[in-house]
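Below you'll find the structure, written out as structure tokens, and then a few comments.
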Amino acid sequence: MDKWIRWAGEIRKITMAYKIDTEELEREEMEHVMVAESTERGIVNPEVKLEFHELSQVRVFAEMLRSSEEIVGIEIEVAPDFDLMLHYKGGEQECYQLWLGQPNRPSIITKFGREDVVYKIPEHSTNRLIDVLGLNT
């Protein structure tokens, strides 16, 4: 048992440089994600095209939120690409609209009900989203 505790401590030391909280990843609160093609800004499209239940896929969306940064002074004039419905343990749900960037470029999200607040998603998260959404072909 002592060996496992030391091993976990070493993993934490290694991942701290990358700001990854291994405990948070182990107890991911997000359970599944539903994705629809967006039809209009501020309106959720109920026609779900993709659902993700596997932890490895759900983590991509959780990391998207964790890595996002609020940006100010930006007006988005084009329609979003995707509507995201994020389902959490305990029945909580959040909806976002995603403007997916090109590979190695940032993306943008807004939360439903808070469309005035815009968040930038870094390039590495955009790349992972492209992969999980199957758009890398």
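From the list L129, L84, L98, the one residue that fits, being in contact (Cβ under 8 Å) with a residue 40 or more places away in the chain, under 11 Å from the mean Cα position of the chain (by Cα) and over 20 Å from E29 (Cα atoms), is L98. Against the criterion of being aliphatic (A, V, I, L, M) and modelled with pLDDT under 90, I71 does not qualify.
Can you confirm whether segment 77-84 contains a residue that is under 16 Å from G113 (Cα atoms), β-branched (V, I, T) and not in a helix (DSSP H, G or I)? The answer is no; no qualifying residue exists. Listed by first and then second residue, the pairs linking a residue in segment 63-77 that is under 14 Å from H124 (Cβ atoms) and polar (S, T, N, Q) to a residue that is open to solvent by less than 100 Å² (accessible area, probe 1.4 Å) and outside any loop (DSSP other than H, G, I, E, B), with Cβ atoms under 8 Å apart and 6 or more places separating them unless they lie on different chains, are S67/I121; S67/H124; S67/S125; S68/I109; S68/Y119; S68/K120; S68/I121; S68/S125.
The values are calculated or read from the model by the stated rules, or taken from the named source; none is laboratory data. This one's a predicted model, so the numbers in the text were calculated from it and none came from an experiment. Because the Cβ atoms are built from the backbone with ideal geometry, glycine has one as well, and the counts that use them run over all protein chains shown. Just so you know, the surface numbers come from the protein's heavy atoms only, side chains and all, with ligands and any DNA or RNA stripped out. Shrake-Rupley method; radii C 1.70, N 1.55, O 1.52, S 1.80 Å.
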